[in-house]
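**Student:** I'd like to ask some things about the structure below.
What follows is calculated from the coordinates using simple rules that are stated; it is not laboratory data. As the structure is a prediction and not an experimental result, all values here were calculated from the model. Glycine also receives a Cβ, built like all others from the backbone with ideal geometry; neighbour counts cover every protein chain displayed.
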Amino acid sequence: MITVEAIRTALKPIVGQTDDALDVAEAALLLASINHPAPDLHVYREHLKALADAVNDAAASSSLDADRPGPEEMAAILGRVIADEFRYAGDEETYDDLDNANMMRVIERRKGLPVTLGILYLFAARAQGWGAAGLSFPGHFLIRLESRDGRRVIVDPFHGGRVMEAQALRELLKQFSGAATELDASHYRPVGNRDVLVRLQNNVRTRRLELGEVSGALEAVITLQVLDPDNVGLWREAGVLHMRLGQLKYAVESFETFVVRSPEGPDKRKISQVVHELRERLH
């Protein structure tokens, strides 16, 4: 199992940055390198640069107004370059493959999850100075493009960067949240770069658990602790996973952190009792 220290060392370039300064594509590469160490990330960085340069060239050769690009035009260029020219597509056949959540493997295979493909769209759009943000849409990561005069479109990076009108968004929402769910303002709310990385890492954690890979799930949770330190529930989850691995000492440490940081309530009392029982077993 990868140590906490190794994870923290790998993520050190991310942790100290403000959200606005965080390069989400570079951070996704660093996350990918935790479980798939690469001697040099240069080849992947060069690919990202080539992607951004290709979008720039496509914009320059189009009728796009460079000073006032419209969001529909941005979407068309991004889709044409990323989906058509570079052949990126959503992996519908093996959606749950862990490679789809690893940015290095996504670049190599040209397919991935909505969030990993969405990171490519964010990177390429922002490299042009275009307004782009991920959205807090349930179950399926989407990108919002915004022009300088405030016009917006929502695109689906998993399906070739297609523009999502209101009806398509309603159908997608009902698919993931149930037939009774309706669109509201929360579904259009932009999320920060760190939130995008948390969403990516949550995919890794979920798939590891589904595969019964407890050590891998624990590594994902530890990574989430670094990315999302205010989420105290992650320490509770880490404690449970340590217990499943028979690592009682580390389980106690994780549960104690949860107890110290969580508000008063039944969950805190329950975990305090678990800590007491584990300490008796350790002695």
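**Student:** R0 = 41 Å: FRET efficiency of Arg45 with Glu182, Cβ-based, nearest 0.05?
**Tutor:** With a Förster radius of 41 Å, E is 0.45.
**Student:** For segment 232-282, what are Rg and Dmax over the alpha carbons, in angstrom?
**Tutor:** 9.8, 28
**Student:** Another question about this same structure. Under 12 Å from the Cβ of Glu210, count the other residues' Cβ atoms, weight Lys and Arg +1, Asp and Glu -1, and hand me the total.
**Tutor:** 0
**Student:** Let me ask you something else. To the nearest 0.05, what FRET efficiency results for Asn56 and Glu108 with a Förster distance of 30 Å applied to their C-beta separation?
**Tutor:** In this case the efficiency is close to 0.80.
**Student:** Still on this structure: With springs only between Cα atoms under 10 Å apart, run a GNM on the chain and tell me which of Leu172, Leu145, Leu31 wobbles the most.
**Tutor:** Between Leu172, Leu145, Leu31, it is Leu172 that shows the largest mean-square fluctuation.
**Student:** Which angle between 0 and 90 degrees, to the nearest 10, do you get for helix 166-177 versus the longest principal axis of the chain when only C-alpha atoms count?
**Tutor:** The helix 166-177 is inclined about 20 degrees to the chain.
**Student:** Pick from Ser33, Ser177, Ser136: which residue has the top mean-square fluctuation in a GNM of the chain where Cα pairs under 10 Å get a spring?
**Tutor:** Ser177
**Student:** Another question, if that's okay. Kirkwood Rh over alpha-carbon pairs of the chain, then Stokes-Einstein at 37 °C and 0.692 mPa s: what D in µm² s⁻¹, rounded to an integer?
**Tutor:** After rounding, the answer is 162 µm²/s.
**Student:** Okay, next question. Straight-line reach from Lys111: which lysines have a Cα under 27 Å away, not including same-chain ones fewer than 8 places off?
**Tutor:** The reachable lysines, counting only those whose Cα sits under 27 Å from Lys111, are Lys49, Lys174.
**Student:** Also, quick follow-up: Using helices alone, what [θ] at 222 nm do you get for the chain, with -39,500 (n - 2.57) per DSSP H run of 4 or more residues, divided over all residues and rounded to the nearest 500?
**Tutor:** -18000 deg cm²/dmol
**Student:** Now a separate question. Provide the convex hull volume over Cα atoms per residue for segment 35-144, in Å³.
**Tutor:** Here the figure is 106 Å³ per residue.
**Student:** Give me Rg over Rh for segment 63-121, both radii from the alpha carbons and Rh done the Kirkwood way, two decimal places.
**Tutor:** 1.08
**Student:** Averaging sequence separations of C-alpha pairs under 8 Å and six or more residues apart, then dividing by the length of the chain, give the relative contact order as a whole percent.
**Tutor:** 16
**Student:** Looking at the chain, send over the antiparallel percent of its DSSP beta bridges, to the nearest 5.
**Tutor:** If we restrict to bridges inside the chain, about 85 percent are antiparallel.
**Student:** Which value, to two decimals, describes the C-alpha radius of gyration of segment 1-84 once divided by 2.2 N^0.38 Å?
**Tutor:** 1.43
**Student:** What lysines does Lys249 reach when the alpha-carbon gap must be under 27 Å and sequence neighbours fewer than 8 apart in one chain are set aside?
**Tutor:** Of all the lysines, those that pass the test against Lys249 - Cα under 27 Å, at least 8 places apart if same chain - are Lys12, Lys268, Lys270.
**Student:** Listed highest first by mean packing, meaning other Cβ atoms within 10 Å per residue, what order do 89-95, 231-237 come in?
**Tutor:** In descending order of packing, they fall as 231-237, 89-95.
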